[in-house]
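So the structure is just underneath, and the comments pick up after that.
Coordinate-derived values only; no laboratory data. Computed from a prediction, not measured in an experiment: that's the story for all the values here. Reconstructed Cβ throughout: ideal geometry from the backbone, glycine too, with neighbour counts over all protein chains shown.
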Amino acid sequence: MSAVLDWLNGIIWSSALVYLCLGAGVYFTIRSRAVQIRQIKAIFTQMFRGKSSDEGVSSFQALAMSLAGRVGVGNIAGVATAIGFGGPGAIVWMWISALLGASTSYVESTLGQVFKDQDPKTGEYRGGPAYYIEKAYRHTKAKGLFKVYGMVFAFVTVIAMSFMLPGIQSNAISGAVENAWNLPTWGTAIILVIIMAFIVVGGVKRIANFASLAVPFMAIIYIIAAIAVTVFNADQIIPVLELVFKSAFGVDAGQEAAFGGILGMAVQWGVQRGIYSNEAGQGTGPHAAAAAEVSHPSKQGLVQAGSVYIDTLFVCSATAFMILSTGMYKVFDADGETIIGTGRGQMAEAIAATPGEKWPQAGLDTMMSGFGAGFIAISIFLFALTTIVAYYYMAETNLVYLLGKAKNPAVVAVGKRVLQLVILIAVAVGAMSTAGSAWALGDIGVGLMAWLNIIAILILQQPAFKLLKDFERQTKQGLDPVFDPESLNIRNAEFWTKRLARLESGVEVRKG
């Protein structure tokens, strides 16, 4: 099974997907005139504007839901893995993928808002790639093809989010907890299943409330700890920066031989782990974006662009400096042989042989002996738990899309219960599995979603850029932007057409 997973992973995560992700980011950056840089002020101010309603969550809650999915094991164990197999230069390519990916995130999340639906039973907003893939060209002869495409994406997402990806998160939790407190993996599995069962049964509102409380707290505390380690090793800041850039671009002859220069493993692992961490282009962000209560889709598109920065430039960088400034790393080739040794300190054999959460644990221990294991275990527990909760929300959204045409409401209700059972089983199994199998399975899920979504948004991009111009025009006029689909000739945005009609008739108070 391990060999099969590695084979599939190699096909899906070939250099073609790496180039597709980077190329899409470059294209969207040029097409938007670097919206992720020009609108940096709006990106961060929009995060705290707008309030929730009975139907939708606030921009900040949607951001927290998105960060719950983005900020997870990839920010800790994933960064260590990128360094272990791609070298320190992989961090630079994580930064590059984040900078370019922010424009991709704007496009996909804006589309998620434009073509969202309102659940007729709960009133909650739902949307995502499956919705915009089906709706954007519903008025054309190709509508049948796009509907099938949307259903394929929804099916892949349900499988990936409920079965393939949760195991990575629960596996990292059980490994970190066992390393810190010697709790058996089955014990961690039971605890996770109980907590998850309580949260996911509560629906999108409970998920949003949980994420908005847990995500800011865990991210701030983690970054403060990383800053403390970096300050403690202040003399290593400049050497670390030199190391990561030399490694990224093969400036040093030894690095070039090891990684094949600019097109080598630093790029491969940096982009792959960058996408796994910040999820730009993967199609996860639009689900949370669609749930937000805003008056213009670009508002939430900009907020989601900012979430990529928070995830990679802050949290991932914190982990990288924690590892590199303390010298708690090694770089391995495909056969597990060390090709670059640590710059400082001595590592236990188990740590040296296994890139993962043990590396930042060891890094923290250099500052305060015995502190690292427990702190990283708690951080991973919170990071990974919120990510699993976000996975469930996205899986449920796509399941509702697939079963939305069912005439019997009981079919949808039963489907949700089955989905909850599947994700709880996946969490339990993942907690007791080997790390290698968990990561291979998760990478396959991420890769499949990225292939399907990036191709889709390259085809469907036009409304996102119309909306960007409209947002900037209204902002320059001193207005609070409001979306009118007809004025922009954007078709099939039924939710917004109805909403605008209610606003004009005075039935609904303008929000967001």
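So how much slack lies between W186 and A34, counting 0.36 nm per residue of separation and subtracting their Cα-Cα distance, in nm? Let's see the in-between values first.
Numbers: separation 152, 0.36 × 152 = 54.72 nm, distance 4.78 nm.
Computed gain between W186 and A34 is 49.9 nm.
One quarter of the surface of the convex hull around the alpha-carbon atoms of the stretch 441-512 equals 7.0 nm², the direction-averaged projected area. Relative to the globular-protein estimate of 2.2 N^0.38 Å, the Cα radius of gyration of the chain stands at 0.94. Helical runs (DSSP H, four residues minimum) scored at -39500 (n - 2.57) apiece and divided by the length of the chain put the mean residue ellipticity at 222 nm at -22000 deg cm²/dmol. The stretch between L8 and I237 holds 78.6 nm of extra length on full extension. This uses 0.36 nm per residue minus the Cα-Cα distance.
A DSSP coil position with no more than 16 other Cβ atoms inside 10 Å describes the following GluC sites (Glu not before Pro) in the stretch 53-132: E55. Screening the chain for DSSP H helices whose Cα atoms reach 20 Å or more along their own axis and whose mean Kyte hydropathy is at least -0.5 gives 15-31, 90-114, 143-159, 166-181, 185-200, 203-232, 372-403, 409-431, 435-460. Remark: relative contact order (the chain) = 33 percent; criterion is Cα-Cα distance under 8 angstrom and separation of 6 or more residues. Placing +1 on each Lys and Arg Cβ and -1 on each Asp and Glu Cβ, with no other charges, gives the chain a dipole about its Cα centre of roughly 1960 debye.
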